[in-house]
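Beneath this line is the structure, given in structure tokens, with notes to follow.
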Amino acid sequence: MMRLLLPLWLLGSALSFQAQAGEAPDLAARISYHDRVTSSDGIARENSWQEKWMRVGNQVWSQRLIPLPLARAYHATHDATPGHKHFTHQMAARWVSRSEEGELQLRYADSWHNQLVEVPVEEYGQVAFKPDWERIRYLINPALLQGMTPLDEAAPEQARWYEGREGKQRTRILWSSRWQLPLVVESASLDGYRSYRMTVTLKTLPKQLPWQQLEGYQTLDLRDFFD
């Protein structure tokens, strides 16, 4: 839904972002998403979900928070189906790392089956992954702020609201220069029939990082799941 609501300039920018993005501190956060669409028949549909997110150096970990009973029921049904099992990346944690040479490595950690699934570049489309490191590391590309209007609105310390409009849509971002990420991203149509909101709540980094807890996981390639 985010790709549908946010204007195209929010998905990438060729501008340098050095003026807005400094050294990115290590962080843990919980991210909440909510979108709402009212169709032409007057029916409003809303979706809400959350994920756990961590950024440490050049490693970014994100994991959708799925209630245990739902995850247990899904896997019980999926694993009981005869024949080849496809990999459901939405049910696994996504682990993206970047080398000093700028190359990205995409892996998914499936704690249910103790599997670490590597995704080669040519298969990024299979998991709807876009290799935009700035957006992965900062949640948005900080360069976008250069094309937006800073607002004199109440904001946390070392944070500021920015607003941009394109056509019949408005986007607002509460950017924290201290934490180097947006605390809030809002996007809505001016007629009020579509809206999206992302809220970031900072958490304490765990003593043991999730990618340090993968001992004993079976390493597979995404193509191992193809028919």
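Given an 8 Å cut-off on Cα distances and at least 6 residues of separation, report the relative contact order of segment 127-169 as a percent.
Worked out over segment 127-169, it gives 25 percent.
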Practice problem: Return the single residue from Ser99, Ser111, Ser48 with maximal mean-square fluctuation; model: Gaussian network over the chain, springs between Cα atoms under 10 Å. | Solution: Ser99
Quiz item: Can you tell which of Asp132, Asp26, Asp79 shows the greatest fluctuation in a Gaussian network model of the chain with Cα springs below 10 Å?
Solution: Asp79
Quiz item: Can you tell which of Glu103, Glu122, Glu153 shows the greatest fluctuation in a Gaussian network model of the chain with Cα springs below 10 Å?
Solution: Glu122
Self-check item: Folded to 0 to 90 degrees: helix 68-80 orientation relative to the chain principal axis, Cα
Solution: 40
Quiz item: What number, in percent, do you get for the relative contact order of the chain if the mean sequence gap of Cα pairs under 8 Å and at least 6 apart is divided by its residue count?
Solution: 26
Self-check item: Of (i) 1, 7, 14, 17, 17, 13, 9, 6, 5, 4, 4, 2, 1, 0; (ii) 1, 6, 12, 16, 18, 16, 13, 9, 6, 2, 1, 0; (iii) 1, 6, 13, 18, 20, 18, 12, 6, 3, 1, 0, 0, the label for P(r) over Cα pairs in 5 Å bins from 0, in percent derived from the coordinates
Solution: (ii)
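Each value in this text was obtained by applying a stated rule to the coordinates, not by laboratory testing. Here the structure is a predicted model, which means the values were calculated and not measured.
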